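Enquirer: Below: one structure in structure tokens.
None of the figures in this text is laboratory data; all of them are computed from the coordinates on show. Just so we're clear, the structure is a prediction, and the values are computed from it rather than from any experiment. Cβ coordinates were reconstructed from backbone atoms using ideal geometry, including for glycine residues, and neighbour counts include every protein chain displayed.
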Amino acid sequence: MISKDVYSRITEEIIKKMEQATDFKLPWYKTKDSTLISPVNAKTGNNYKGINILSLWMSGMSEGYTRGIWATYKQWSELGAQVRKGEKGSLIAFYKVLDVVGKGQAESDEQAESKSATIKHRMYAQMSYVFNADQVDGYTPPPEPSFNPDTRIAEVEKFFASLGATIEHGSNKAFYSPSLDRINMPYFGAFKNSESYYSVLAHEVTHWTGHTSRCKRDFSGRFGSSSYAAEELVAELGAAFLCSLLKITNEPRQDHANYIADWITILKKDTKAIFTASSKAQEAVDWLEKQSAINLSNNQKAA
């Protein structure tokens, strides 16, 4: 089925990048010469979300693209731009809703059309290809917004302060305590700069969203003994997504190096795992943005 091909192809690419990672720099961390810009669709203005963020980040870093602006071949044409001959598209996933007759409810076409048949809605992953703005001619990107670094950090501080999370400082490491529903952080001065502090805090607030009073995240049934590693993967992705929207650098944490092997194992066993993790991470970021009442995205509708 096409859906399985989508899952396996994207998962294989992510596993490859994870296995090649050095200095704990996974596919969702910026490299020396690249910036993780939250990808946006050139035609609709909507932000790409979930698994498509990872897929486009990987393509952008591999090819050295300088912009986070993407669109399909048709969309570029509608914008008056032309994808250059020989350019290779980047894979994204989108979901199509299909109506399926409930099991045991209909055994023939006539029964399926009857009002008594139970119709279920199921989502199937489909794949499409998009091209970066660096791959086309005839397109003038919108001007980059200018901002004062101090003003940006002030906005980041405002965002985290508006969440209502209980944050205590003074511990020797950063962690979220589910039993106390509390985030513990080292003092601000223990970090090399403000972006480093806030990128770690982004990881912990993603954990914080998993509480039963918020996003109610529980992987014990899906991933069993690997549920803790799965939650850590969600927090890693959530921090990366959030930092890209806050326009701050998400830096690797050496204390998470031990999880890399576990994550690769999970992804190899279950090709849908990275889709689940990125979906849950996106859900967490959407919840945080709604809770803060600060619109970080260009548009809440996913591309």
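Enquirer: Modelled label-to-label distance, ASN193 and LYS88, 7 Å Cα→beta-carbon offset: nm?
Expert: Those two pseudo-labels are separated by 3.3 nm.
Enquirer: On to the next question. Please work out how much length the chain gains when fully extended from SER179 to SER128, using 0.36 nm per residue of separation minus the C-alpha to C-alpha distance, in nm with one decimal.
Expert: Values: separation 51, 0.36 × 51 = 18.36 nm, distance 4.29 nm.
Extra length from SER179 to SER128 when fully extended: 14.1 nm.
Enquirer: Treat every Asp and Glu Cβ in segment 149-292 as -1 and every Lys and Arg Cβ as +1, leave all other atoms uncharged, and give the resulting dipole magnitude about the Cα centre to the nearest 20 debye.
Expert: Details: 16 positive and 18 negative charges, 61 e Å.
Using Cβ point charges on Lys, Arg, Asp and Glu, segment 149-292 gives about 300 debye.
Enquirer: Mind giving me the nanometre distance, one decimal, between the label points for GLU168 and TYR228, set 7 Å out from Cα along Cα→Cβ?
Expert: 2.1
Enquirer: Moving on. Could you let me know the centre-to-centre spacing of segment 215-290 and segment 68-90, using Cα atoms, in angstrom?
Expert: The two parts, judged by their Cα centres, are 31 Å apart.
Enquirer: In Å³ and rounded to a whole number, note down the convex hull volume per residue for the Cα atoms of segment 121-202.
Expert: Working: hull volume 19.7 nm³, N = 82.
About 240 Å³ per residue, rounded to a whole number.
Enquirer: Among HIS203, CYS243, THR276, pick out the residue whose Cα is farthest towards the positive end of the charge dipole of segment 165-303, where Lys and Arg carry +1 and Asp and Glu carry -1 on C-beta, about the Cα centre.
Expert: Comparing the listed Cα positions along the dipole, THR276 ranks first.
Enquirer: Points 7 angstrom from Cα along the Cβ direction at TYR95 and LYS74: gap in nanometres?
Expert: 2.2
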